[in-house]
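Working notes, beginning with the structure itself.
The values are calculated or read from the model by the stated rules, or taken from the named source; none is laboratory data. Not measured: the values here are computed from a predicted model. Neighbour counts run over all protein chains shown; Cβ positions are idealised from the backbone, glycine included. Surface accessibility is based on the protein's heavy atoms, side chains included, excluding ligands, DNA and RNA. Shrake-Rupley method; radii C 1.70, N 1.55, O 1.52, S 1.80 Å.
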Amino acid sequence: MSTPRHRSHDGCWTCKRVRRKCDRTRPICKVCSSRGVSCEGYEIRLRWGTGIASRGRFTGAEEPVEASIPPRVKGRRRDLSRERRRKRDNGGNGKAEAGSYRPQGGSAVAERTADVRSNEQDRLFEEFLSYGINILHSTSVNDERNLLESRLPILCQQSSSLYAICVALQASLKPNAKPHFYEHFDLALNLFRTELSSNVAYLEDGTFTAGLLLCSIGLMHAMPWTMHLHGMYGILQAHGLYGLGERTEFRAHLLEVMGVMDLPTFTVGRSTSLGFWRQHCRDRVSLQHPLGDEVEVVSGLPRSLLDIISCIGHGSTEEDFWNWPGSPGSLSQHQLWEAYRLAGMLAIRDGHLLLVPQLSGTLTGTTVETNGASSRPIILPTTTVIVSRIVSHLDALRRAFTETEDAGSLIINAIKYPAFIAGLQADIVNAQPEFKDVLRCCLSTYDHPYGFERDFELLLEVLEEWWVHHHNMANAHELALVRGMEIGLL
């Protein structure tokens, strides 16, 4: 026989509604404060008779008739929840009383989610806010340009799927947590699909953020995720990037994140790209960026370099990368950007390895005439030299990260792209064992400070197979298709 559970009736209204233990600190409880949600306090709420109240069960009441909280219906919580669901499914109004909190999303699924949030979900969400969120950025932990962290609690009130996706993403960072992760992921995916279908007139920031984080989960686990980008893009295309015309800094950030995720050479295993950055993000005036070449915080790259990368297969040449003037940054950032610049040259030169169209006029290890005023030819390095330079930059980054691990740098999150592009040069890597050792170290042996390295390991597994069987395959795209994966290099 189970022991009866005694509930406390003197906690704050927020904790009582979600059945969470309240520490009863006044005027605002510490539990709500630590979670970043609004504490509704402890004051007595009045029930109404007839004529004044305009919302809730007592619509039309004139005066308060009972100065106490409504009595709780007796019964097991599971049975009561089942009864509520039955009433909703049979056409019950299912509306909360005035002042009560429900995640916005307009669906019965969203309302049920508010009822069943468990202590485990709350703990995972708090962990995500504390450190898991750092897996999404490639600058530094304390970068003031990371716009998501401070806005996330409010956005989760706007979007029920966003909360669930944050929980699922944090669950995916846990070692040996696959069963629990898939439970959270299935719930989050269903919530997002329902919510997206209700955003047909305008893609709200909360739902937009939820979709991008859902793509991040797919990217980390090599699960198909581009369809989520396409679904959101359909709404954006129909009603405008800013919907109701509010051009906020955060909205511009979300559009740029979508553009980075869509970059054609940043994903292996998908055949289409929206060209979002090329079409919508290169115009910094429309996105309201006063500093056009600031570092984009998710990729960790200057926007001017992303402009060139976005045009691979659509006009960018090796010369564009070779002549890129650079941007102000730290020593580690310059190492990273050089690796990307050289990887971009390889992506153009040997685009067939990534299914990138080979552009006419792109030569290997020879001279190319510039479009500038000078007629002096540019001597481009050989592929072997480019690979060796990329590997040396990556090795420097790896060593610097090991030495300054406590400094809050997140640059190590961004090394997958240059490591993978260099690793595709199988003949060169196989002939230079030290190159292979560095790439293995970059993608496997370091201990990620935020507890997740599965996406790095997947990339290394693909490269290991490529190094052995590349002569029997046309490109790396084949490897991803055989494995049923969509591999993100972001």
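For labels at residue 378 and residue 118 in the simple 7 Å Cα→Cβ model, what's the distance in nm?
Rounded to a tenth, the inter-label distance reads 5.7 nm.
By per-residue mean of other Cβ atoms within 10 Å, what is the highest-first order of 158-168, 432-442, 471-481, 414-424?
Details: 158-168: 27.3, 432-442: 17.6, 471-481: 15.6, 414-424: 25.4.
The densest-packed peptide leads the list: 158-168, 414-424, 432-442, 471-481.
Provide the gained length on full extension for the span residue 238 to residue 432, in nm with one decimal, where the gain is 0.36 nm per separating residue minus the Cα-Cα distance.
Working: separation 194, 0.36 × 194 = 69.84 nm, distance 5.12 nm.
Residue separation times 0.36 nm, minus the Cα-Cα distance, leaves 64.7 nm.
Roughly speaking, what is the stretch gain from residue 176 to residue 223, that is 0.36 nm per residue apart minus the C-alpha to C-alpha distance, in nm to one decimal?
Working: separation 47, 0.36 × 47 = 16.92 nm, distance 1.78 nm.
Between residue 176 and residue 223, full extension yields 15.1 nm more.
Kindly state, to the nearest 0.05, the FRET efficiency for residue 444 paired with residue 150, given R0 = 30 Å and r defined as their beta-carbon distance.
Values: r = 34 Å, r/R0 = 1.14.
E between residue 444 and residue 150, to the nearest 0.05, is 0.30.
Let me check something: with ligands and nucleic acids excluded, how do 429, 482 order by accessible area (1.4 Å probe), largest to smallest? Don't skip to the answer; put the middle values down first.
Working: 429 0, 482 115 Å².
Accessible-area ranking of 429, 482, largest first: 482, 429.
Can you compute the modelled spin-label distance between residue 126 and residue 294, with each label point 7 Å from Cα toward Cβ, in nm?
3.2 nm
Under a point spin-label approximation (7 Å from Cα along Cα-to-Cβ), what is the residue 23-residue 483 distance to one decimal in nm?
4.5 nm
Please list, in chain and number order, the residues 5+ apart from residue 282 or on another chain whose amide H is under 5 Å from its amide H, with Hs placed from the backbone.
none
Rank these by accessible area, largest first, 1.4 Å probe: 294, 403. All intermediate terms of the calculation are to be shown ahead of the outcome.
Numbers: 294 55, 403 150 Å².
Largest accessible area first, the residues go 403, 294.
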